1. Kindly check whether there is at least one residue in the stretch 19-29 that is part of a loop (DSSP other than H, G, I, E, B) and over 24 Å from Thr230 (Cα atoms).
2. Name the one entry in Ala172, Ala209, Ala235 that is crowded, with 22+ Cβ neighbours inside 10 Å and not polar (S, T, N, Q).
3. Which of the residues belonging to the stretch 183-201 are exposed (fewer than 12 other Cβ atoms within 10 Å of the Cβ) and in a loop (DSSP other than H, G, I, E, B)?
4. For the stretch 30-55: of the residues being within 17 Å of the chain's Cα centre (by Cα) and assigned to a loop (DSSP other than H, G, I, E, B), which is farthest from ligand 1 (Cβ to nearest atom)?
5. Going by what's in this entry, would Val227 be described as surrounded by 21 or more Cβ atoms within 10 Å (Cβ to Cβ), away from ligand 2 (no atom under 16 Å from the Cβ) and not in a loop (DSSP other than H, G, I, E, B)?
6. Please go through the stretch 225-263 and pick out each residue that is in contact (Cβ under 8 Å) with a residue 12 or more places away in the chain and polar (S, T, N, Q).
7. Testing Ala28 on (1) surrounded by fewer than 19 Cβ atoms within 10 Å (Cβ to Cβ); (2) touching a residue at least 24 places away in the same chain (Cβ under 8 Å), one condition comes back false. Which one is that?
Amino acid sequence: MQPFIVDSHCHLDFPDFEGEHEALIARAKDAGVQLFVTISTYVSRIERLKTIIRAHPEVYASVGTHPLSAGDEPDVPTEELVRLAEGDEKIVAIGEAGLDYHYDKAPHDVQAAVFRRHIAAARETQLPLVIHARDADDDMIAILEEESGKGAFPFILHCFSSGRGLAEVGVALGGYVSFSGILTFRSSDEIRSIASDVPMERLLVETDAPYLAPPPHRGKRNEPAFVRHTAEVLAEVKGVDLETIAKTTSDNFFRLFAKIPDPRHA
Ligand SMILES: [Zn+2]
Ligand SMILES: [Zn+2]
């Protein structure tokens, strides 16, 4: 039997996939990857995502401003995020939002202000916040702790590539940790070690396609089918079989993305 694997984070609206959605969803299903969340990076481009989720029953979307887009749309109010998310049954998460000091495209205070408005939207809607954190561990930990103190909000540390301290704080605050193809790279011993310590009931997998293809596709365009490689490596790291990782990460996914009906129980 095919496993049921979810790609919890991909970017199907990127030009890399233009005109190819049908084919890449079919290839993903052949690999056991059955459901997808296409993640928003610009609120101003939400109509592109809506077109995709209208056309494909197994694709859902989020709404938010990526930290690398924060300089381009620094002013989207919390109410707008809430309105867009609550206005569409297939918009199921807030984000991706967060802090990226690696590329550093927007001033840190602008990134933080945009991020906090997304946190407020997640707190209000109780939809999961998809968090992007890169080279910003200390500020991310500080904001997560401070904002959680104002009232809990569900969240995912997506494409985890930060230090152990951030993973531990995330888990302690009730968050989930999602691993991408980075988990499979030869140089990623530390990330695998962190993954081995994240509790089973807080793990997710994702591609972040078109970025970060896992071997044997490394360096090429990534696509949702390849999340199976990440799931296989995660199974090894946790010392379980692929079926167990597929089931556990899917159970976690549907608990967190509570707006999505679980098709396994249909
Ligand atoms: Zn990201
Ligand atoms: Zn992303």
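Quick note: the coordinates plus some simple rules give every number you see, no bench work behind them. Everything quoted here is computed from the prediction, not taken from an experiment. Methodologically, a virtual Cβ is constructed for each residue, glycine included, from the backbone with ideal geometry; neighbour enumeration extends over all protein chains shown.
1. Going residue by residue through the stretch 19-29, those that are part of a loop (DSSP other than H, G, I, E, B) are 19-20.
Retained after the next criterion (residues that are over 24 Å from Thr230 (Cα atoms)): 19.
Yes, the conditions are met somewhere in the stretch 19-29.
2. Only one candidate qualifies: Ala209.
3. Arg186, Ser187, Pro199
4. Looking at the filtered set, the residue picked out is Tyr42.
5. Working: surrounded by 21 or more Cβ atoms within 10 Å (Cβ to Cβ): yes; away from ligand 2 (no atom under 16 Å from the Cβ): no; not in a loop (DSSP other than H, G, I, E, B): yes.
So Val227 does not fit the description; no.
6. Thr230, Thr248, Thr249, Ser250, Asn252
7. Among (1) surrounded by fewer than 19 Cβ atoms within 10 Å (Cβ to Cβ); (2) touching a residue at least 24 places away in the same chain (Cβ under 8 Å), the lone unmet condition for Ala28 is (1).
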